Structures are given as structure tokens and as C-alpha cells.
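S.K.: Quick one: this structure, given as C-alpha cells, is what I'll be asking you about.
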Amino acid sequence: MSTFSLIQTKIENNIGSVLFNNYAKRNALSGAMVEELLQAFEHLQNNKARAVILGSAEFNPVWSAGHDVSELPEANAEPLPYNDPLEQLLRAVRKFPAPVIAMVHGSVWGGACEVAVNCDMIIGDESCSFAMTPAKIGLPYNVSGIQHFLTRIPINIVKEMFFTAEPLNAERALRHSIVNQIVPQAELVEHTYKVAATIASRSHESIAVFKEQARLIMDSCPINPEVFEYIVKLRSEVYQGKDYNEGIRAFLEKRAPKFS
């Protein structure tokens, strides 16, 4: 087991483990944590892991609180640019040349929900829930992020998640194919590693090329330049507007936002 300051990681029997280990901050995906996560994924790739389990080092009520909101710009700047730590982590998960399985106990919020959705599989227990919270802080979500949800979850459920910012419980997450399986908490770790072991026993080359083909096909979403420029305009109007500024300030001041 290699221990960083904010995560734990190991590789055993060709199965990699990457575990959040900063519950004092509810495992928020800060720039510092993401940097350790990226190093861990690189290490596991170099050591030819055939499956990776992404989870939490401890079972707590929150799996991850999502993007560290304190690191978002307060106003007048793109909140989720291409080089944002969360975006880098998403690309690392999506492009990792072996399946990444999210093992989820507890609630998953905001950017962490997108990370989980971008894992190849999600296995959770009865406590897991999933919430997308940009509407709570007036955040205009980026185009790639929305596409990730729309290619995984029915559009009416995606709209519900983004409109209400309320969590979907384990039963609904299973019904709408957000998770692959729900198992009892006592069996979550053993079951998840058993699935990973099955994957690791199969043809790594076949699985790696299938994953990359699937990613490329799902990402093949044509959009003409005029529509893209219109989307950029819509988003910029929000992150330069009053609601986003108020939402970020309210979060930092630990109060409810007062949107216009």
C-alpha cells in the first residue's frame, strides 16, 4: 500500500485500488487531491493494472463532496476550463486502459458524481446516492460534462438531477442504470474486488481496445460551430452574472444563497 497524504493506493493481483482518504474535507476533489489521484492512476498504468477500484478508504456518510468549491473562481471566469483539476481527473478515468470501477458507500455530490458516472462501472450499497448540485451555486455546467451524463442516463433523469440538485437514492440509481449493482454494505468490498478479479482474468488487450472504442464512439457527438458558439455565450452569461457570484460567496460564507 502506497500512502499519499490525501489518498491511498495499491496494486495486488493486477487489481489497483485508489481510495479517497481526506474525510476531514469530505473527500472533496481539491487540486491537491486530484494531483495525487493522477499520480496514482499513472503508477497503476505503468504497473499494468488490469482493473482499478476507485473508492473511499473508510465507509462514511459522504463518498465525496465533489469539486472543492473554494477553488472555483468567484466570478467572470470560466469555472470548469479544460485544465481544471476535475477535468484532468475525468480524462484520466475515461482514458485509463483498463476498467475503472467506482465502489460507492455514501452520498456522491457534484463533480464526484460526474467522476463516478465516467467510471466504467459503479457498484454501490444501500447507502449510496447521487446528486448534481450546480444549481445550488449558480454554476453553468460545461458541455463535455453534460454530454457525459446524457450518454449514460435517460435525459429526463439528467434534467431532474440538474434541476433539483437533490440526490437519487440507491434504488432509483439502480433503476435508471446509474449503478450496475447494489449489494449489502457488508458485502460491498468483497463483491467489488471479486468483479475486478473476474475482469483481470480476461484478455487485457481485448478489454482495453473495447473501452477505447466505446469512448470514441460515445464521444462522437457532432456539433456545428454556430451552436457551439451559442453554448459558450449562454454559459459565459451565467458565470459572469449575479447568481454564480452569489452562489460562490454564499458557499464560502456558509449561508443559503439568495438568487435573483
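S.K.: Find all pairs meeting these conditions: Cβ atoms under 9 angstrom apart; at least six residues apart or on different chains; first residue within the stretch 91-114 and over 20 Å from Ala200 (Cβ atoms) and touching a residue at least 24 places away in the same chain (Cβ under 8 Å); second residue surrounded by fewer than 24 Cβ atoms within 10 Å (Cβ to Cβ) and basic (Lys, Arg).
M.R.: Every condition considered, the pairs that remain are Trp109/Arg26; Gly110/Lys136.
S.K.: Output the number of the condition that Val183 fails; it satisfies all remaining conditions of (1) of a type in the set (A, V, I, L, M); (2) in contact with a Leu (Cβ under 7 Å, 6 or more places away or on another chain); (3) farther than 30 Å from Ala256 by Cβ; (4) surrounded by fewer than 22 Cβ atoms within 10 Å (Cβ to Cβ).
M.R.: The number of the failed condition is (2).
S.K.: Here is a further query. Out of the residues in the stretch 186-211 meeting the condition of being under 14 Å from Met103 (Cβ atoms) and among the aliphatic types (A, V, I, L, M), tell me which one is surrounded by the most Cβ atoms within 10 Å (Cβ to Cβ). It would help to see each step written out before you state the result.
M.R.: Taking the stretch 186-211 as the starting set, the residues that turn out to be under 14 Å from Met103 (Cβ atoms) are 186-197, 199.
Narrowing the set further to residues that are among the aliphatic types (A, V, I, L, M) leaves 186, 188-189, 195-197, 199.
Numbers: Ala186: 9, Leu188: 23, Val189: 17, Val195: 21, Ala196: 27, Ala197: 14, Ile199: 19.
By that ranking, first place goes to Ala196.
S.K.: Here's another thing I want to ask about it. Looking for something acidic (Asp, Glu), part of a loop (DSSP other than H, G, I, E, B), in contact with a helix residue (DSSP H, G or I) (Cβ under 7 Å, 6 or more places away or on another chain) and surrounded by 15 or more Cβ atoms within 10 Å (Cβ to Cβ) - is there at least one such residue anywhere in the stretch 120-141?
M.R.: For the stretch 120-141, residues acidic (Asp, Glu), part of a loop (DSSP other than H, G, I, E, B), in contact with a helix residue (DSSP H, G or I) (Cβ under 7 Å, 6 or more places away or on another chain) and surrounded by 15 or more Cβ atoms within 10 Å (Cβ to Cβ): present.
S.K.: Got a sec? Which of Ala98, Ala92, Ala102, Ala51 is at pLDDT 95 or above and out of contact with any Gly (no Cβ under 9 Å at 6 or more places or on another chain)?
M.R.: That would be Ala92, the only listed residue that is at pLDDT 95 or above and out of contact with any Gly (no Cβ under 9 Å at 6 or more places or on another chain).
S.K.: In addition: Which of the numbered conditions does Asn180 fail, given that it passes all the others? Conditions: (1) in contact with a helix residue (DSSP H, G or I) (Cβ under 9 Å, 6 or more places away or on another chain); (2) within 20 Å of Leu139 (Cβ to Cβ).
M.R.: Going through (1) in contact with a helix residue (DSSP H, G or I) (Cβ under 9 Å, 6 or more places away or on another chain); (2) within 20 Å of Leu139 (Cβ to Cβ) one by one, Asn180 breaks only (2).
S.K.: Just name the residue that is modelled with the lowest pLDDT out of those in the stretch 63-89 that are under 17 Å from Ser236 (Cβ atoms), touching a helix residue (DSSP H, G or I) at 6+ places or on another chain (Cβ under 7 Å) and among the acidic types (Asp, Glu).
M.R.: The residue in question is Glu74.
S.K.: Further question: Could you pull out the residue among Gly31, Gly110 that is surrounded by 22 or more Cβ atoms within 10 Å (Cβ to Cβ) and either touching a Gly at 6+ places or on another chain (Cβ under 6 Å) or of a type in the set (Gly, Ala, Ser) (or both)?
M.R.: Unique residue meeting the criteria: Gly110.
S.K.: Okay, next question. Taking the stretch 70-89, which residues are surrounded by 20 or more Cβ atoms within 10 Å (Cβ to Cβ) and hydrophobic (A, V, I, L, M, F, W, C)?
M.R.: Correct list: Leu72, Leu80, Leu86, Leu89.
S.K.: From the list Thr198, Thr192, which one is within 19 Å of the chain's Cα centre (by Cα), polar (S, T, N, Q) and assigned to a helix (DSSP H, G or I)?
M.R.: Values: Thr198 fails: within 19 Å of the chain's Cα centre (by Cα).
Unique residue meeting the criteria: Thr192.
S.K.: Residues in the stretch 208-234 that are β-branched (Val, Ile, Thr), touching a residue at least 24 places away in the same chain (Cβ under 8 Å) and within 22 Å of Met121 (Cβ to Cβ): how many?
M.R.: Total satisfying the criteria: 0.
S.K.: Could you say whether any residue in the stretch 155-164 is in a loop (DSSP other than H, G, I, E, B) and within 25 Å of Arg235 (Cβ to Cβ)?
M.R.: Among the residues of the stretch 155-164, not one is in a loop (DSSP other than H, G, I, E, B) and within 25 Å of Arg235 (Cβ to Cβ), which makes the answer no.
The values are calculated or read from the model by the stated rules, or taken from the named source; none is laboratory data. On a predicted model such as this, the values are computed, not experimentally measured, just so you know. Note: ideal-geometry Cβ built from the backbone for every residue, glycine included; neighbour counts use all protein chains shown.
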